[in-house]
Each structure stands twice: as structure tokens, then as C-alpha cells.
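To start, the structure under review is shown below, and the notes come after it.
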Amino acid sequence: MGCATTSVKITSIVMNAILAFLAFGAIGWIAFNADSESEEFVIAAYIACSIIVIFAFLGIYAAIRESVVLTATSAVFLLVLAIPQIVSTCLVLHGHELKNAQQIVDVAWQANNMDGLQQKYECCGRYSAQDYIHLNQLIPPSCYRDLQQTSDHLYIEGCIENIQSFYENEKQRFIIVSWVLVAFELICCALAVFLAISFRNKQRRMQF
């Protein structure tokens with residue numbers, strides 16, 4: 001096996017390991033922020049990332065074993081994974097509707113169940129702490145950082161603004177993570193194609 005093939009083999013193993021690590025990281029990120037997306041989206045993302053992990057490890061195993069069939073299989077499935085992922089990322093980029101923060105906050109406000117939102121998103125009231133004052137209510141402890149009811153610990157921003165900003169930031173992070181995964185999938189696919197051809201040529205030379 002030539003120096004070029006050996007270098008590509010090592011590179012393929014490293015890139016597939018990085019791809020698997022990124023996919024594991026994406027799974028953890030999705031789990032942590034599952035409530036910011038629909039259940040269908042979360043399930044689809046879990047499945048896609050899990051499949052990426054499987055074929056990343058397959059790519060590593062195929063490169064180590066110098067298997068033509070497994071390397072070619074890895075290349076094909078990584079390409080098949082990358083195509084719908086590109087399409088879905090473009091859809092999110094241009095047409096995906098974010099969750100409506102105002103609707104979520106309004107439901108919590110009417111149910112008098114704002115504490116969880118206020119602590120999680122570091123906000124107070126629907127638009128600000130003035131919402132409680134206008135209703136002649138005490139500002140709840142959940143409106144304060146670390147529940148310390150002092151003016152310098154009071155959350156200034158309202159929950160609608162903070163939560164909507166959170167959803168928008170999560171959308172941007174998803175797009176970045178998705179493009180990074182696609183890039184690594186395509187690189188690993190190209191390396192797998194090169195290795196499959198190299199391994200096949202090596203097998204042919206050994207037959208003569």
C-alpha cells in the first residue's frame with residue numbers, strides 16, 4: 001500500500017472519529033434543548049445523528065480492515081445521509097418557522113405558571129417586571145438571579161423577548177452544526193471512495 005493510500009487511510013480514520021464525536025455532541029445538544037423544537041424534529045434529529053455515528057464507526061472499521069465492500073458501503077450511506085441533511089438545513093434556513101414565544105408565555109401567564117420560564121430564560125413577566133406591578137402583585141422570587149430578591153439581581157428583560165431570542169439563537173446554532181456535520185460527511189465519503197478504489201486495486205495486484 002502506497003504512502004498516499006496510507007495517509008488517506010489515517011486521515012479517514014481521524015475524520016470519521018471526529019464525525020462520530022460531533023454527532024454525539026449534536027445528540028447531547030438536542031437532548032438539552034429538546035423543548036425548543038417540535039417532537040417530530042427532535043426524533044428525526046436523534047435518528048439522523050445516531051445513523052451518522054454508526055456509519056462513522058463503520059468507516060473507521062472499514063479503513064482498518066481495508067475492506068472494499070465496507071468502505072464503499074460507508075461512502076454510499078454517508079452521501080445518502082448528507083443529501084437530505086442539506087435539504088433540511090436549507091429548509092430551516094429559509095422557511096422554518098420558530099416556536100412562538102408569545103404564545104408559550106401567554107399560556108404560562110394565564111395559568112400563573114411563570115416561575116419555570118423566568119428562571120430558565122432569566123426573564124421577568126411577559127414584557128418586564130412592570131407586568132406584576134401593574135397588577136398590584138409582588139414580583140416573584142423567580143424573577144431574581146439565584147432567587148436573591150435584591151434590585152441588582154432582578155431580571156430586566158421580559159420573557160417573550162428572551163425566549164424568542166433563545167429560539168432564534170438555537171436556529172442559528174442548528175444551522176452551523178448541521179453544515180459542519182454535512183462537511184465532515186462529504187469529506188469522509190470522498191476519503192472512503194478513494195480508499196475503496198485503492199483497496200480494490202491492491203487486491204487485483206495481489207491476484208497476479
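General remarks:
- Remark on L154: its backbone amide H falls under 5 Å from those of R145, a criterion applied only to residues 5 or more positions apart or on other chains, H modelled at 1.01 Å from N.
- Matching the structure-derived volume of the Cα convex hull per residue in Å³ against the labelled list (1) 114; (2) 125; (3) 239 gives the label (2).
- Residue separation of A17 and Q148 scaled by 0.36 nm, minus their Cα-Cα distance, works out to 42.7 nm of gained length.
- Degrees, to the nearest 10: 3-32 long Cα axis against longest axis of the chain: 20 degrees
- Under the simplified labelling scheme, the S7-F41 pair shows an inter-label distance of 4.3 nm, with each label point 7 Å from Cα along Cα→Cβ.
- Basic side chains Lys and Arg get +1 at the Cβ, acidic Asp and Glu get -1 at the Cβ, and with that the dipole of the stretch 113-204 about its Cα centre reaches some 980 debye.
- Straight-distance candidates among the aspartates and glutamates for linking to K9, with alpha-carbon spacing under 13 Å and chain neighbours fewer than 8 residues away dropped: E66.
- Point-charge dipole on Cβ atoms (K/R +1, D/E -1) for the chain, about Cα centre, debye to 20: 1660 debye
- Cut-off under 5 Å, modelled amide H: who pairs with Y127 long-range: C159
- Rounded tilt (10° steps) of 159-206 against the dominant C-alpha axis of the chain: 10 degrees
- Within the listed set W29, W109, W179, the Gaussian network model of the chain (springs between alpha-carbon atoms below 10 Å) gives the highest mean-square fluctuation for W109.
Each reported figure results from applying straightforward, stated rules to the coordinates on display, with no laboratory input. As the structure is a prediction and not an experimental result, all values here were calculated from the model. Every residue, glycine among them, receives a Cβ derived from its backbone with ideal geometry; neighbour counts consider all protein chains shown.
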